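Take a look at the structure set out below.
Derivation of every value follows stated rules applied to the coordinates shown; laboratory data play no part. Please read these numbers as outputs of a predicted model, since none were measured by experiment. Note that each Cβ is placed from the backbone with ideal geometry, even for glycine, and that neighbours are counted across all protein chains shown.
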Amino acid sequence: MSKVMFTSKATAKGGREGHVKSDDGIIDLKLVDPAGGSDEKGSNPEQLFAAGYAACYDGALNLMASRQKKEIESEITAEVSLMQDSDDKGFKIGVILNVHIKGVSQEEAEHLAELAHNFCPYSKATRNNINVNLNVKAL
């Protein structure tokens, strides 16, 4: 059995047009469906997933670089898209991870990106469930 390091909690009410709040109050956001045509300001589940995935993946990338004795600077932008699934007319998400790495060659950057993708908990959770594309650039 896995050892629990910590647990985070958030509560949502009202779905995509509702509200989400973490138990400590740091996240306290109105949710707005960007596909709904509203001019209201707010977050959405895909934006929150993108933030979490980008942060988690960047941590994994830097850990993999340190294990390879590489000094890098990195920036990850996660693009999370809500898409209509043509098969069952439901919905699904897809992810593009834009991985920018300074301090290594393009080949080394791609290798580190793959190592991070194999290690990152978000990548593991989504593997074989959603499409995740890595767009890697050495700077």
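Brief remarks on what is shown
- From the options 56, 120, residue that is closer than 24 Å to residue 21 by Cα, within 13 Å of the chain's Cα centre (by Cα) and touching a residue at least 12 places away in the same chain (Cβ under 8 Å): 56
- Exactly one residue out of 71, 75 is part of a strand (DSSP E or B) and either polar (S, T, N, Q) or under 22 Å from residue 113 (Cα atoms) (or both), and it is 75.
- Matching residues, segment 102-139, being of a type in the set (Val, Ile, Thr) and under 29 Å from residue 6 (Cα atoms): 126, 130, 132
Every residue, every condition in (1) part of a helix (DSSP H, G or I); (2) under 26 Å from residue 32 (Cβ atoms), yes or no:
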site	(1), (2)
96	no, yes
101	no, no
109	yes, no
112	yes, no
117	yes, no
125	yes, yes
134	no, no
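- In a residue-by-residue description of segment 77-92, the property of being closer than 22 Å to residue 121 by Cα, surrounded by fewer than 15 Cβ atoms within 10 Å (Cβ to Cβ) and either of a type outside the set (Lys, Arg) or in contact (Cβ under 8 Å) with a residue 12 or more places away in the chain (or both) applies to at least one position.
Let's see how each residue does on (1) touching an Asp or Glu at 6+ places or on another chain (Cβ under 6 Å); (2) under 24 Å from residue 83 (Cβ atoms); (3) outside any loop (DSSP other than H, G, I, E, B):
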residue	(1), (2), (3)
4	no, no, no
16	yes, yes, yes
39	no, yes, no
46	no, yes, yes
55	no, yes, yes
62	no, no, yes
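- Of the listed requirements (1) in a strand (DSSP E or B); (2) under 28 Å from residue 12 (Cα atoms); (3) in contact (Cβ under 8 Å) with a residue 24 or more places away in the chain, residue 30 misses just one: (3).
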